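The values are calculated or read from the model by the stated rules, or taken from the named source; none is laboratory data. What you see is a predicted model; the values in this text were computed from it and never measured. Neighbour counts are summed over all protein chains in view; Cβ atoms, including those assigned to glycine, are modelled from backbone coordinates with ideal geometry.
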């Protein structure tokens, strides 16, 4: 009994810094013919996906995020999922901030947790949206906001919204079926609509550059989760070519459809990943 009490006391005093992540709800790609008017639509933010368990922030992979107490002051005990976000085009900044070990309230000044779902709420998404607006408003903390949701009646109106968001520097749109309840795993009730497809691959080799890139990295040999490999030679800055991603690291790339061999067409580097992506069998 004394050992049990000691163990419990240690857990209270020294909380664990990582935990097995729950299975999240994951999106599938938007396709023509989807009944647009049955969905609510929000912008797909280029931030870091995170979850709030009622006491702390965690990455999707289960790592504790060292946000300062002022950032989460007044937040509800209700679990929330959202995007840690600064602004369009600021992914690298928020990614670096999330990886920090210490907390710095000043560094988190411009960060917002943009809530997009409530995983423990039993109601359909339309009800969860009302609840998200209510709890973020009641928190009285400008760092906590609900992602705006809109309804579009036609595919043409949705396409116009996508064009507007992309022209302003956004990534794309997320569509969530209004009647859908939260369900872990890949779901047709949650769709992503982007002008380009993207996926993850692992760096397996650095290929030397030629011409203006002589002495630098010319391309990366990468391996997809299914084991097939291909090269990515575009999308890199000169700084990234001079100090290329390490072998074994995971990256996200954009592409335009597949070749006849099933490989990504016109693949180009997008960004590095902070965490190993979920295996295909878990999506």
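For residue 122, are the conditions met, namely being modelled with pLDDT under 95 and loosely packed, with under 15 Cβ neighbours inside 10 Å? So residue 122 fails the test.
Candidates are the residues of the stretch 168-225 that are outside any strand (DSSP E or B) and without any contact (Cβ under 8 Å) to a residue 12 or more places away in the chain; the one that is surrounded by the fewest Cβ atoms within 10 Å (Cβ to Cβ) is 211. Among the residues of the stretch 242-270, those that are under 13 Å from residue 203 (Cβ atoms) and part of a strand (DSSP E or B) comprise 250, 251, 252, 253, 269.
Of all the criteria given as (1) on the phi > 0 side of the Ramachandran plot; (2) more than 27 Å from the chain's Cα centre (by Cα), the one not satisfied by residue 185 is (2).
Restricted to the stretch 250-260, and to residues there that are surrounded by fewer than 16 Cβ atoms within 10 Å (Cβ to Cβ) and modelled with pLDDT of 85 or more, the residue that is nearest to the chain's Cα centre (by Cα) is 252. Taken over the stretch 125-161, the criterion of being exposed (fewer than 15 other Cβ atoms within 10 Å of the Cβ), touching a residue at least 40 places away in the same chain (Cβ under 8 Å) and under 13 Å from residue 174 (Cα atoms) is satisfied by 148, 150, 151.
Within the stretch 233-245, the set of residues being over 22 Å from the mean Cα position of the chain (by Cα) and either surrounded by 17 or more Cβ atoms within 10 Å (Cβ to Cβ) or farther than 19 Å from residue 46 by Cβ (or both) comprises 233, 234, 238, 239, 241, 242, 243, 244. Within the stretch 70-93, the set of residues being in contact (Cβ under 8 Å) with a residue 24 or more places away in the chain and over 14 Å from residue 57 (Cα atoms) comprises 86, 88, 89, 90, 91, 92.
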